[in-house]
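The values are calculated or read from the model by the stated rules, or taken from the named source; none is laboratory data. The structure displayed is predicted, hence computed values, not measured ones. So basically every Cβ, Gly included, is an ideal-geometry build from the backbone, and we count neighbours across all protein chains shown.
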Amino acid sequence: MTASPPTLRSRLQNPAELVMLTFYFIGGAVMLVGGVTASVRDALGDGFHQAWVGLLLGGPALSIWGILSPNQWLGGWFKLGGGLAITTALGAFAVSLGDAFALTFTGVLVLGLNAATLTAVTRDALQLRRAAHVARRERRGNAPI
């Protein structure tokens, strides 16, 4: 008896994650079309703009592809990479806020979003670690846990 392929519902563990990823991507598109915010440009320089926009566009795209991928192993790696890209972009934005970071509404939101994204990245990394462990056990002939 063969197992049925995972459904989108089973792959999308948290529907809010897809909403958040979509808005990260939209934010990247806004930065691509409208230009980088002055705080980022001043703190990190004009050259960082392309990298930052790339992280904001590429990270969510990788994560969404990972969620939709029928190959759970490869999809997990794409989700992990996308999450790391988003976490890096949010961290760069936090750095660009400078001293005002903790004292502003934006700073608190960025901190919360970065914490949520880092939690998802940690979850994805642990799932990949668990899958690798199960695969090793199966190759050795041991029953999976």
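Conditions (1) exposed (fewer than 14 other Cβ atoms within 10 Å of the Cβ); (2) at pLDDT below 80; (3) in contact with a Lys or Arg (Cβ under 9 Å, 6 or more places away or on another chain); (4) within 22 Å of P60 (Cβ to Cβ), marked per residue:
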| site | (1), (2), (3), (4) |
| --- | --- |
| L103 | yes, yes, no, no |
| L111 | no, no, no, yes |
| V121 | no, no, yes, yes |
| D124 | no, no, yes, yes |
| A132 | yes, no, no, no |
| N142 | yes, yes, yes, no |
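Criterion first (without any contact (Cβ under 8 Å) to a residue 24 or more places away in the chain and surrounded by fewer than 17 Cβ atoms within 10 Å (Cβ to Cβ)) does V95 satisfy it? It would help to see each step written out before you state the result.
Working: without any contact (Cβ under 8 Å) to a residue 24 or more places away in the chain: no; surrounded by fewer than 17 Cβ atoms within 10 Å (Cβ to Cβ): yes.
Spelling it out, it is not the case that V95 is without any contact (Cβ under 8 Å) to a residue 24 or more places away in the chain and surrounded by fewer than 17 Cβ atoms within 10 Å (Cβ to Cβ).
Counting only residues that are over 17 Å from Q127 (Cα atoms) and polar (S, T, N, Q), which one in the range 34-89 is surrounded by the fewest Cβ atoms within 10 Å (Cβ to Cβ)?
Here the answer is Q50.
Output the residues belonging to the range 74-101 that are at pLDDT below 85 and among the aliphatic types (A, V, I, L, M). Walk me through it before giving the result.
The initial filter retains those residues of the range 74-101 that are at pLDDT below 85, namely 92-101.
Those that are at pLDDT below 85 and among the aliphatic types (A, V, I, L, M): A92, A94, V95, L97, A100.
When the residues of the range 2-21 are narrowed to those that are assigned to a helix (DSSP H, G or I) and within 21 Å of P70 (Cβ to Cβ), which ends up modelled with the highest pLDDT? Talk me through it step by step, then tell me what you get.
Let us first name the residues in the range 2-21 that are assigned to a helix (DSSP H, G or I), namely 8-11, 15-21.
Adding the requirement that they be within 21 Å of P70 (Cβ to Cβ) leaves 8-11, 15, 17-18, 21.
Details: L8: 60, R9: 60, S10: 62, R11: 63, P15: 80, E17: 85, L18: 88, L21: 92.
Filtering the range 2-21 for residues that are assigned to a helix (DSSP H, G or I) and within 21 Å of P70 (Cβ to Cβ), the one modelled with the highest pLDDT comes out as L21.
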